[in-house]
1. Can you spot a residue in segment 223-243 that is within 26 Å of residue 169 (Cα to Cα), in contact (Cβ under 8 Å) with a residue 24 or more places away in the chain and either among the aliphatic types (A, V, I, L, M) or crowded, with 21+ Cβ neighbours inside 10 Å (or both)?
2. Please pick out the residue among 152, 144, 201 that is part of a loop (DSSP other than H, G, I, E, B) and either under 20 Å from the mean Cα position of the chain (by Cα) or assigned by TED's automatic domain parsing to the domain that holds residue 238 (or both).
3. Output the number of residues of segment 32-67 satisfying the condition of being polar (S, T, N, Q), within 18 Å of residue 112 (Cβ to Cβ) and in contact with a helix residue (DSSP H, G or I) (Cβ under 7 Å, 6 or more places away or on another chain).
4. Within segment 92-120, track down each residue that is in contact with a helix residue (DSSP H, G or I) (Cβ under 7 Å, 6 or more places away or on another chain) and surrounded by 15 or more Cβ atoms within 10 Å (Cβ to Cβ).
5. Considering 11, 35, 16, which residue is closer than 30 Å to residue 251 by Cα, loosely packed, with under 14 Cβ neighbours inside 10 Å and out of contact with any His (no Cβ under 9 Å at 6 or more places or on another chain)?
6. Check whether at least one residue in segment 112-122 is in a helix (DSSP H, G or I) and more than 13 Å from residue 231 (Cα to Cα), and report yes or no.
7. Say whether the condition of being surrounded by fewer than 21 Cβ atoms within 10 Å (Cβ to Cβ), among the hydroxyl-bearing types (Ser, Thr, Tyr) and out of contact with any Ser or Thr (no Cβ under 6 Å at 6 or more places or on another chain) is met by at least one residue in segment 148-160.
Amino acid sequence: MELSLQEFLDSVPNKSTKKEYRFGINLFCKWYSKSAEEILKERQDDLTQKAGENIIEFRNRSARFSKALEKFHDYLRSQDYSVNTARNLIIGVRQLFRFYEMPILIRNGSRISQTEESTKDFPLAIDHVRAMFQVADLRERVILSLATDLGLRPGDFLKIEKAALPNLSQEPPISFVVMTKKKKIVAKGFLSQESVDLLKLYLPTLDKKDNPYLFPSNGKRSISDEWLNNTLRDLASKARIATGDKSLHFHLFRKMFLSAGIDSGCGLTAAKMLCGKAIAKSDSTYLTTVKLRERFLQIKRFLTIEQQAETGSQAKVEQLGSAVAKLQEELTNQKTINDAVVKQLGELKAMVTGMGAELKEAQRGTMLWEKAEKMGFMGIKSDSRKEQ
């Protein structure tokens, strides 16, 4: 079998990934002082046991490149490559061997597999997306909205085809399942009301019937991830978002989505299922489509781009519930006022009744005096008046 670096690179569909693999392999070849084809032939020989060679000798020889990659990793770190970059550069070499069915086994705990949390990425937040949305055209708005809803990897996002979209006449959020190509994991995502409204405007503008992709290039392919990243940076510049020395790229939407899953109380497991990230199989059985829809709505409350826009039936229900609660509060207040008025009226009635009784008593006293005068007791009246 002919062993060829170019054949391997031709099998890599993603342009950016292919570029990274080529760069890493070329660095390794320069460090090892042999061409990729010579290295592949050497690996092939290492996996073939020679006549008279005992099993220990054979195993040591077959582990040659496992040890070589560890030394190469040390070299990269000595050249000021970060832990994550060194790891990514070695991935290309390992994939080359894997392509020709000669995979390199890495021991547990090897420094090759180590990663560290990157401090070079821009901390993308929904406020930044909102600012970019305001200066974006229609296609750019669709990209921003779908990226926020789905949290997919760039490669999976760009490969979305028009025919794969669900029926947009359904009530949002609409279920949208995507098979991820890197890990072959199903992303059980949803399209929000925002994305559905934008897609209804955007789809009629796609003239190229021979290009199946939702975001077509000028040819028959989709736009590239390089174009996608450049577009994000241009939008950030127009929106006057200061990124400083941090890197702004499409994969940050995935990080933002997963972070919102935690912040919203949705949970990391559900967020991973929604965006197509691997989880334990035992966890997936507890989250049905209905429950995932609820989790998506939880996340979407944290990731709504148009803050004044309704986000589907759930938002309408919440608005109705809020209105009912307000009416109940007003009715309670009115009842309190009515009770106070009734109490005051009762007190007033009692007071008026008392005053009426006193008035009657006074009238009765006056009548007795008049009767006494008529019966000849004028002397008493006169004397009493004189004393007064």
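1. Step one: of segment 223-243, the residues within 26 Å of residue 169 (Cα to Cα) are none.
Looking through segment 223-243, none of the residues is within 26 Å of residue 169 (Cα to Cα), in contact (Cβ under 8 Å) with a residue 24 or more places away in the chain and either among the aliphatic types (A, V, I, L, M) or crowded, with 21+ Cβ neighbours inside 10 Å (or both).
2. Values: 144 fails: part of a loop (DSSP other than H, G, I, E, B); 201 fails: part of a loop (DSSP other than H, G, I, E, B).
Exactly one of 152, 144, 201 is part of a loop (DSSP other than H, G, I, E, B) and either under 20 Å from the mean Cα position of the chain (by Cα) or assigned by TED's automatic domain parsing to the domain that holds residue 238 (or both), namely 152.
3. 1
4. Residues satisfying the conditions are 92, 93, 95, 96, 97, 99, 100, 102, 104, 106, 112.
5. When all the criteria are applied, what remains is 11.
6. Of all residues in segment 112-122, those in a helix (DSSP H, G or I) come to 112-113.
Then keep just the ones that are more than 13 Å from residue 231 (Cα to Cα); that gives 112-113.
Yes, that holds for at least one residue.
7. Within segment 148-160, not a single residue is surrounded by fewer than 21 Cβ atoms within 10 Å (Cβ to Cβ), among the hydroxyl-bearing types (Ser, Thr, Tyr) and out of contact with any Ser or Thr (no Cβ under 6 Å at 6 or more places or on another chain).
Residue-wise test of (1) part of a helix (DSSP H, G or I); (2) farther than 20 Å from residue 132 by Cβ.
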{"site": "163", "(1), (2)": "yes, yes"}
{"site": "166", "(1), (2)": "no, yes"}
{"site": "176", "(1), (2)": "no, yes"}
{"site": "197", "(1), (2)": "yes, no"}
{"site": "229", "(1), (2)": "yes, no"}
{"site": "234", "(1), (2)": "yes, no"}
{"site": "242", "(1), (2)": "no, no"}
{"site": "245", "(1), (2)": "no, no"}
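The values are calculated or read from the model by the stated rules, or taken from the named source; none is laboratory data. Keep in mind that what you see is a predicted model, and the values were worked out from it rather than measured. With ideal geometry, Cβ positions are generated from the backbone for all residues, glycine too; neighbour counts draw on all protein chains shown.
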